[in-house]
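Laboratory data are not the source of any read-out in this text; all were calculated from the coordinates shown. None of the values given here were measured: they were computed from a predicted structure. Every residue, glycine among them, receives a Cβ derived from its backbone with ideal geometry; neighbour counts consider all protein chains shown.
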Amino acid sequence: MRHTLSVLVENQPGVLTRVAGLFARRGYNIESLAVGETHDHSVSCMTIIAGGDDLVIEQVVKQLGKLIDVIEIKDISQVEYVDREMALIKVKAGPSVRSEIMQIVDVFRARIVDIGHETLIIKCTGDEGKIRAIEKSLRPFGILELVRTGEIAMVRGPKYGDA
């Protein structure tokens, strides 16, 4: 099963290394990891997507809780949340196919962020399904490069944990 963990940590050097190292030492794979500052500059939020059964994730959460820089850990997999990731996709785009690619970009509400002589770079944000779908739609034109940010997530409604 896939779990989405929201981990608040102190915004200090080395925290990411300690968290990733905990997963590596125990042989757990991180499928996706995104980290960024919150509205409080002293706190960062890590969104970690990890595979494993409930017992494995429970152990990971307990171990994460022992790290001094970890403020709060939530497994948000079982609650409603909004998730997004971003992809930049460079495709072959000669003049004869540009309009067709632009139509695909419009359908996915993506944006062209760079135009080269024979290439376009497209930025797409959305959930994993949307990113995979635009990638599949652009593949016939020739994807030259593709980079993804990893998933970020936020629980719907009031601040998570508040009554």
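What to note about this one:
- Rounded to the nearest 10 degrees, the inclination of helix 98-107 to the longest alpha-carbon principal axis of the chain is 40 degrees.
- For region 54-112, applying the loop criterion from DSSP together with a ceiling of 11 other beta carbons within 10 Å to the GluC sites (Glu not before Pro) yields GLU80.
- Under a 5 Å amide H cut-off, with hydrogens placed 1.01 Å from N, GLY150 pairs with MET86 among residues at least 5 apart or on other chains.
- Taking the longest Cα principal axis of the chain as reference, the axis of helix 15-25 is set at about 80 degrees.
- Annotation: region 2-75 has a Kirkwood hydrodynamic radius of 12.2 angstrom, from the mean reciprocal C-alpha pair distance.
- Dipole-positive endmost among MET1, ALA87, ASN11 within region 1-104 (Cβ charges, Cα centre): ALA87
- Here percent of Cα pairs over 26 Å apart was computed from the coordinates, and among [x] 23; [y] 40; [z] 29 the match is [y].
- Sequentially through region 112-127, phi angles give Karplus couplings (6.51, -1.76, 1.60; θ = phi - 60°) of 8, 10, 7, 10, x, 4, 10, 9, 10, 10, 10, 10, 10, 10, x, 7 Hz, Gly and Pro residues having no value and appearing as x.
- In this simple spin-label model, placing a label point 7 Å from the Cα along the Cα-to-Cβ direction at both SER96 and GLN59 gives a separation of 5.7 nm.
- Taking Cα atoms only, the orientation of helix 54-65 departs from the longest principal axis of the chain by about 70 degrees.
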